[in-house]
1. Counting only residues that are polar (S, T, N, Q) and under 27 Å from His86 (Cβ atoms), which one in region 27-67 is modelled with the lowest pLDDT?
2. Checking Gly170 against (1) surrounded by 20 or more Cβ atoms within 10 Å (Cβ to Cβ); (2) at pLDDT below 85; (3) not in a helix (DSSP H, G or I), which test does it fail?
3. Take the residues of region 51-68 that are in contact with a strand residue (DSSP E or B) (Cβ under 7 Å, 6 or more places away or on another chain) and assigned to a loop (DSSP other than H, G, I, E, B): which is surrounded by the most Cβ atoms within 10 Å (Cβ to Cβ)?
4. Does Glu162 count as acidic (Asp, Glu) and outside the structural domain of Arg91 (by TED's automatic domain parsing)?
5. Going by what's in this entry, would Val244 be described as modelled with pLDDT under 95, hydrophobic (A, V, I, L, M, F, W, C) and crowded, with 20+ Cβ neighbours inside 10 Å?
6. Which number in (1) over 20 Å from the mean Cα position of the chain (by Cα); (2) modelled with pLDDT under 95 marks the one condition that Lys24 misses?
7. What do you reckon, is Asp227 in the same structural domain as Ala31 (by TED's automatic domain parsing), out of contact with any strand residue (DSSP E or B) (no Cβ under 8 Å at 6 or more places or on another chain) and within 26 Å of Asp33 (Cβ to Cβ)?
Amino acid sequence: MSDPTIEDEERTKQTMLRISNLEKRFGGIVAVDGASFEVERETITGLIGPNGAGKSTVFNLITGVYEPDAGQIYLEGEDVTELRPHQLVDRGLVRTFQISRELAGMTVLENMLLAFDGQLGESLWRSLVPGARRSVVHQERELLDRTWEILELFELDHLAHEDAANLSGGQRKLLELSRALLTDPELLLLDEPMAGVNPTLEKKLLARLHELRSQGYTFLIVEHDMDVIMNNCERVIVMHQGQVLSHGPPEVIQEDERVIDAYLGGQI
C-alpha cells in the first residue's frame, strides 16, 4: 500500500501554483466563486472560458493586483495570498497583459533594461566614486549581455534601438514577454499573448514558449484562440460564472459536454 504522506509530498513537488477556494466580489457581483485548480511545473496550462467567466480577475488575484475575499494562493507550497505584485516578482511569478504596456517614448533596449531590479547604477554615490564605479560598469555589461541574449532569442535584436511606439502589435507582445524573462521568473502568466499577433509571429512566439518550457519555465495562459490552447497546452482549466467548470488534458476538455454547452459550442 502506498504512503499517503509520500504521495502528498510528490504532488507538492510537481505543483508550481495551487489555487484553493478563491473568491472575489465587487459590490453585489461575484466575479470568482470558490475557484480551485493547480498548475504543474514545467507545463503550458490554458485558462479558458466565456467573457465574464472570471479569468482576468483570477489573474489579478494570483498576481496581487486584487486582494481575495476568501481562499488561498500557494506558490511552490508557500502561501502568497497577501503578497503584492513586486513581492511575487521576487518569488519568480511574473505576468504579461492583454494590452502590452511598453514605454512608447523609450527604445526597445531601454524598455528591456527597466526589467532589472537593484541595479547598482541607481545609487548616486556608486555612479560617481571611482572605486565603486567599477562594480557599476561590470554589472551593466552583464545586464546588457543578458538583454541582447533575450532580444536575439525573440528576434528583436534588429529593433533594439527602435522606439517601442513604432513596433507592431505582435512585436510589442514579444517585447513584453522578453522583458518579463529578464526578471528570472519561474512561472509566467500570459494574458491573451496571441491577440493582435500575425500568423508568422504567432508561430515564432509559440515555438519560443515550448523552448522555454523545455528549459524549466512554467506558463499559465489566458487565450481565446482554441486552436492555440488545444494544440499547445498539456492541461486546460475551464471557468464559467466564476467557478472552475472542468479541467484536464485538451482531448478530455473537448469531449466534456458541460464545456461544450457553456463555452466551446460549435468550435470543436
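The values are calculated or read from the model by the stated rules, or taken from the named source; none is laboratory data. Keep in mind that what you see is a predicted model, and the values were worked out from it rather than measured. Cβ: placed from backbone, ideal geometry, glycine included. Neighbour counts: every protein chain shown.
1. Initial filter on region 27-67 (polar (S, T, N, Q)): 36, 43, 45, 51, 56-57, 60, 63.
Okay, now just the ones that are also under 27 Å from His86 (Cβ atoms), so 36, 43, 45, 56-57, 60, 63.
Details: Ser36: 97, Thr43: 96, Thr45: 97, Ser56: 92, Thr57: 95, Asn60: 95, Thr63: 95.
Once the filter is applied, the top-ranked residue is Ser56.
2. (3) is the only condition that Gly170 fails.
3. Ala53
4. On the way: acidic (Asp, Glu): yes; outside the structural domain of Arg91 (by TED's automatic domain parsing): yes.
Considered against the rule, which asks whether it is acidic (Asp, Glu) and outside the structural domain of Arg91 (by TED's automatic domain parsing), Glu162 comes out as yes.
5. Working: modelled with pLDDT under 95: no; hydrophobic (A, V, I, L, M, F, W, C): yes; crowded, with 20+ Cβ neighbours inside 10 Å: yes.
So Val244 does not fit the description; no.
6. The failed condition is (2).
7. no
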